[in-house]
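The values are calculated or read from the model by the stated rules, or taken from the named source; none is laboratory data. Remember, it's a predicted structure, so these values are computed and weren't measured experimentally. No Cβ is skipped: glycine too gets one built from the backbone with ideal geometry, and neighbour counts run over all protein chains shown. To get the accessible areas, we keep the full protein, side chains included, count just its heavy atoms, and leave off ligands, DNA and RNA. Shrake-Rupley method; radii C 1.70, N 1.55, O 1.52, S 1.80 Å.
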Amino acid sequence: AELVDRFGAIPAEVENLLSTVALKRACREANVEKLDAGPKGMVIAFRKNDFVNPVGLIQWIGTKGGLVKLRPDQKLALVRDMDVPARMAFARDLLGNLVRIAKLPAA
């Protein structure tokens, strides 16, 4: 809101930059080392294959009805056809959930 107030309408490129910075911040908070997203889904790798609340993560994965899977290499895989705007929205939602789970007390 402050940017719009000072400089007027925000160009799409700046919106994309702000979205990317927000995703990177969420990745840091959720201990995500890498997020690969493409038209067929995304794969998330955690730093040192570690997540602060693994029990909460497994419980959350169980609520996703097979959409999110934990691979044997400790990466989360999401298989779903997505265009670019859907990928950004899905990544934002997914990382928001991971941050929330990471902040929950471990069981």
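Per residue, how large is the accessible surface of the chain? Use a 1.4 angstrom probe and give square angstrom.
Per residue, the chain has 67 Å² of solvent-accessible surface.
Check Glu33: other-chain or 5+ apart residues with amide H under 5 Å from its amide H, H built from backbone geometry?
Amide H to amide H, under 5 Å and 5 or more residues apart or across chains, Glu33 pairs with Ala45, Phe46, Arg47.
Taking the Cα centre of the chain as the origin, how large is its charge dipole in debye, to the nearest 20, when only Lys and Arg (+1) and Asp and Glu (-1) carry charge on their Cβ atoms?
Charge dipole of the chain: 440 debye, to the nearest 20.
Counting only protein heavy atoms and using a 1.4 Å probe, what share of the accessible area of region 1-50 belongs to carbon plus sulfur, as a whole percent?
54 percent
Would you be so kind as to identify which of Leu18, Leu3, Ile58 lies farthest towards the positive end of the dipole of the chain, taking Lys and Arg as +1 and Asp and Glu as -1 on Cβ and the Cα centre as origin?
Ile58
If each Cα of the chain is one equal point scatterer, what is log10 of I(q)/I(0) from the Debye formula at q = 0.12, 0.13, 0.15 Å⁻¹?
-0.45, -0.52, -0.67
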